[in-house]
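Report on one structure; see the data block that follows.
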Amino acid sequence: MAEGAFRAAVAYENLADLPSTFVRATSSAPFLPVQMLRDPHIGRKWRGMSASESLFIDLGSPAPIDTVALVGCNVTGTTRLRGSLADSEAIAGTVIDTTNTGGDLRYRYQIMLLPEPVSVRYLRIDLDGAPDPIEAGRLVIGQRHSFRVNFGYGWDFRWVDPSKKVKSAGGSLHVEKKRPYRVLNLPFEFIDPETRWGFVEDLDARVGASADVLLLSHPLEPNFGQRAIWGFLPETTPNVESFFQNFSKTYTIEERL
């Protein structure tokens, strides 16, 4: 297991969104094409025609990756990830071959983590087993960055229910049901200068409060979706020098729907 595997990590450079990346699927339902995996709204999904589908990704050129995720995915069976430098079907000469079993429909994440970055051009994701035809709302491919010192006590992970409640003139309560989402707060009390001026600075400058990130609060948790969140930062928070050459920062991330 790579050093730092148990500490919180964030992935924010999504190769799946680059113009040079091409994605195709074994099948797509009418008006729900595979291109929907690039749409920032998770509710706008790609949907296959069966409970067994495959995705084929060409990154355009070799690139190092260690994190692949499908957000808003209803797979409850098996997810297999394979990667190759030469074979567009990612069967011959594989440099990646890993499998996840099971999925939690409360969270709808399929996340595959490699212990170290591997250079790859072609990826294949085989999806098998779902209560309905397989679907997913977002594809994420890239590298994750781990904090050298994990977040401290006082972190929280909560559900937010945005449903509207209105009382009628007669006193009856009417509820307009909306899908709940999660909010994660992680306080990092010990951030060294290299981390602060490295990916922490890059995340603030390039992503800010307008693009999505994948934050893994517990990368070794078997139920990845329970402890991971794909969303955006409502605002960029300050990097505070709490004492000489040490910084602190709190990240708040709202789940994307």
Practice item. Go through the residues of the stretch 94-112 one by one and say whether even a single one is crowded, with 16+ Cβ neighbours inside 10 Å, of a type in the set (A, V, I, L, M, F, W, C) and in contact with a Phe, Trp or Tyr (Cβ under 8 Å, 6 or more places away or on another chain). Key: yes
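Counting just the residues of the stretch 169-208 that are of a type in the set (A, V, I, L, M) and surrounded by fewer than 12 Cβ atoms within 10 Å (Cβ to Cβ), which one comes out modelled with the lowest pLDDT? It would help to see each step written out before you state the result.
To start, the set of residues in the stretch 169-208 that are of a type in the set (A, V, I, L, M) comprises 169, 173, 175, 183-184, 186, 191, 200, 203, 205, 207.
Next, from what is left, pick out any that are surrounded by fewer than 12 Cβ atoms within 10 Å (Cβ to Cβ): 169, 173, 175, 205.
Details: ALA169: 81, LEU173: 90, VAL175: 91, ALA205: 95.
Top of the filtered list is ALA169.
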Check your understanding: Taking the stretch 242-257 only, how many residues are surrounded by fewer than 15 Cβ atoms within 10 Å (Cβ to Cβ) and assigned to a loop (DSSP other than H, G, I, E, B)?
Key -> 3
Practice item. Please identify the pairs in which a residue from the stretch 28-57 that is within 14 Å of LEU257 (Cα to Cα) has its Cβ atom under 9 Å from the Cβ atom of a residue that is crowded, with 16+ Cβ neighbours inside 10 Å and of a type in the set (Val, Ile, Thr), counting only partners at least 6 apart or on another chain. Key: LEU37/VAL23; ARG38/THR21; ARG38/VAL23; ILE42/VAL71
Review point. How many residues are buried (at least 20 other Cβ atoms within 10 Å of the Cβ) and over 19 Å from the mean Cα position of the chain (by Cα) when one looks only at the stretch 7-45?
Key: 1
Review point. Failed condition for GLU221, given (1) exposed (fewer than 15 other Cβ atoms within 10 Å of the Cβ); (2) among the acidic types (Asp, Glu); (3) touching a residue at least 12 places away in the same chain (Cβ under 8 Å), with all others met?
Key: (3)
Review point. Could you say which residue among GLY152, GLY137, GLY129, GLY142 is in contact (Cβ under 8 Å) with a residue 12 or more places away in the chain, out of contact with any Lys or Arg (no Cβ under 7 Å at 6 or more places or on another chain) and crowded, with 17+ Cβ neighbours inside 10 Å?
Key: GLY142
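For residues that are hydrophobic (A, V, I, L, M, F, W, C), at pLDDT below 95 and either in contact with a strand residue (DSSP E or B) (Cβ under 6 Å, 6 or more places away or on another chain) or within 30 Å of VAL71 (Cα to Cα) (or both), tally how many sit in the stretch 230-254.
So the count comes out to 2.
With outside the structural domain of ALA136 (by TED's automatic domain parsing), within 18 Å of the chain's Cα centre (by Cα) and under 20 Å from VAL149 (Cα atoms) as the only criterion, which of PHE224, PHE244, PHE232, PHE199 stands out? Spell out the reasoning first.
Values: PHE224 fails: under 20 Å from VAL149 (Cα atoms); PHE244 fails: within 18 Å of the chain's Cα centre (by Cα); PHE232 fails: under 20 Å from VAL149 (Cα atoms).
When all the criteria are applied, what remains is PHE199.
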Practice item. Could you grab me the full set of residues in the stretch 224-241 that are crowded, with 21+ Cβ neighbours inside 10 Å and within 20 Å of GLY102 (Cα to Cα)? Key: PHE224, ALA228, ILE229, TRP230
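The values are calculated or read from the model by the stated rules, or taken from the named source; none is laboratory data. Everything quoted here is computed from the prediction, not taken from an experiment. Quick reminder, even Gly has a Cβ in these numbers, built from the backbone with ideal geometry, and neighbours come from all protein chains shown.
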